[in-house]
Amino acid sequence: MRTDEATSLWTFEIEGPGYPGGYYTPAEEWVQAEHAARWLALALHDFGAITGDRQTQTKQRAHEFASLIEQVSTTHSWVEGGHTVTVIRMDAAASDPTHMGTMDVRRRIRQRQRDLTSATATGKGADNG
């Protein structure tokens, strides 16, 4: 077990077709990468990014995602079945009611990432990072 698991939370967002507003963000966040990976695989299957037998495919993909998620230090994005997946690692204090709400934290992180991605794509943010 990793020593920083108690101080980190993982969550994800999925952008693509079929999501209200263009993206899906679960209301939960998870202390263990394996749990985040399982729910990510289930969501991707439910929205059609992963096909095949739900139980078999989500179990296999969750195993693959878990090792990737554990390596995320802030955010990491990739394309999965035509859907953009972004995994976000947050300090556990983000879910503390005395701190800013978790959804607000996630939205700000994703907006910063979108801004950086947009700036990099246009050549304006190549030095950001």
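We did not get these values from a lab; they are worked out from the coordinates using the rules stated. Computed from a predicted model, the values in this text were never measured in an experiment. Backbone-built Cβ (ideal geometry, glycine too); neighbour counts: all protein chains shown.
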Seminar exercise, completed: Packing-ranked peptide list from 70-79, 36-45, highest mean Cβ count within 10 angstrom first, is 36-45, 70-79
Seminar exercise, completed: Length gained, HIS76-HIS63, 0.36 nm per residue minus C-alpha separation, equals 3.0 nm
Exercise. So what is the orientation-averaged projected area of segment 5-92, using the convex hull of its C-alpha atoms, in nm²?
Worked result: 5.2
Problem set entry | Size of charge dipole - segment 5-92 - debye, nearest 20, with Cβ of Lys, Arg +1 and Asp, Glu -1, no other charges | 200
